């Protein structure tokens, strides 16, 4: 897991390698694939940001059987959105 310090939603972008983040299409992260919260609420939720703890998680199958895996730790309370991620 990576700890990212001083991440700025105005200046920074998180690059995610699609070879590891299976099911994500190269390019901008779709708005429907991002959710603020610790759990996926629908099948499209793939990248989750827990604003209370700062945990960033990947959920390969949304609300399916597989659970989410934390891959980064940011500051809590950021105004993070899908546009802060780029799939490469």
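The values are calculated or read from the model by the stated rules, or taken from the named source; none is laboratory data. This one's a predicted model, so the numbers in the text were calculated from it and none came from an experiment. Cβ: placed from backbone, ideal geometry, glycine included. Neighbour counts: every protein chain shown.
Some points to look at:
- Residues being within 17 Å of residue 84 (Cβ to Cβ) and free of Cβ contacts under 8 Å to residues at least 24 places away in the same chain - total across segment 33-46: 3
- Residues (in contact (Cβ under 8 Å) with a residue 24 or more places away in the chain, out of contact with any strand residue (DSSP E or B) (no Cβ under 7 Å at 6 or more places or on another chain) and either assigned to a helix (DSSP H, G or I) or within 15 Å of residue 49 (Cβ to Cβ) (or both)) located in segment 1-29: 7, 9, 12
- Here 37, 23 are screened, and the one residue that is farther than 19 Å from residue 2 by Cβ and under 11 Å from the mean Cα position of the chain (by Cα) is 37.
- Total residues in segment 10-20, condition surrounded by 10 or more Cβ atoms within 10 Å (Cβ to Cβ), under 15 Å from residue 82 (Cβ atoms) and under 13 Å from the mean Cα position of the chain (by Cα): 3
- Take the conditions (1) surrounded by 15 or more Cβ atoms within 10 Å (Cβ to Cβ); (2) closer than 17 Å to residue 1 by Cβ; residue 51 misses just one of them, which is (2).
- Residue 85 vs. criteria out of contact with any helix residue (DSSP H, G or I) (no Cβ under 9 Å at 6 or more places or on another chain) and surrounded by 13 or more Cβ atoms within 10 Å (Cβ to Cβ): no
- Listing of strands (runs of 3 or more DSSP E) fully contained in segment 47-88 that carry 1 or more residues being free of Cβ contacts under 8 Å to residues at least 24 places away in the same chain: 47-49, 55-58, 69-73
- Those residues of segment 44-67 which are modelled with pLDDT of 95 or more and over 16 Å from residue 30 (Cβ atoms), in sequence order: 50, 51, 52, 53, 54, 55, 56, 57
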